[in-house]
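The values are calculated or read from the model by the stated rules, or taken from the named source; none is laboratory data. Just so it is clear, the structure is predicted and the values come from calculations on it, not from any experiment. SASA here: full protein model, heavy atoms, side chains in, ligands and nucleic acids out. Shrake-Rupley method; radii C 1.70, N 1.55, O 1.52, S 1.80 Å.
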Amino acid sequence: MRALAHLALALSLGCSGARSEVEVGRILVKNGILFTMQPDETEPRRGYLLAGDDGKILRAGYGDPPPGTRASLVVDAAGKLVMPGFVSAHNHLYQAATRGLAADQALGGWLALGEPLWNGGSPKDHYYETMAGCFDLLRHGITSGFNF
């Protein structure tokens with residue numbers, strides 16, 4: 001009978017909200033300028049990101065982490081940008097400036113039209129073409145890229 005009374009008390013505390021949930025992750029990044037990559041959240045703001053043992057994001061939000069949030073490693077990212085990371089393992093960043101060029105051509109026709117553009121131009125042209133490729137990746141949530 002005493003065990004049932006303890007169970008009833010525990011259940012009533014749990015249902016009444018008197019007990020708070022503790023969310024535990026492997027890494028908690030807080031105070032960073034958060035980019036969530038959600039279509040309706042286009043303005044970055046100070047926030048936090050909690051990742052689990054598998055590296056997947058458990059929770060991300062603006063402001064401070066909810067009370068009870070804990071992690072093995074806490075990183076204060078004040079003044080730093082925080083965003084989900086995606087990797088492009090193969091990219092030709094400078095070619096972003098010619099996206100859609102010769103889309104109706106096979107490889108040979110595409111190369112014939114593109115090569116004069118890619119092999120000509122000044123170092124400054126190539127710099128800006130490559131920067132356009134970098135911004136293109138970032139716009140689509142890719143934070144790391146291997147440029148060929």
Could you name the lysines in cross-link range of K30, using Cα to Cα under 23 Å and dropping any fewer than eight places away on the same chain?
-> K56, K80
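Given a 1.4 angstrom probe, I'd like the percentage of the accessible area of the range 57-123 that is carbon and sulfur, rounded to a whole number. Intermediate results must be reported in sequence, preceding the final value.
Values: 2660 of 4470 Å².
Solvent-exposed carbon and sulfur of the range 57-123 make up 59 percent of the total.
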Any idea of the accessible area per residue across the range 60-148, 1.4 Å probe, to the nearest Å²?
-> 67 Å²
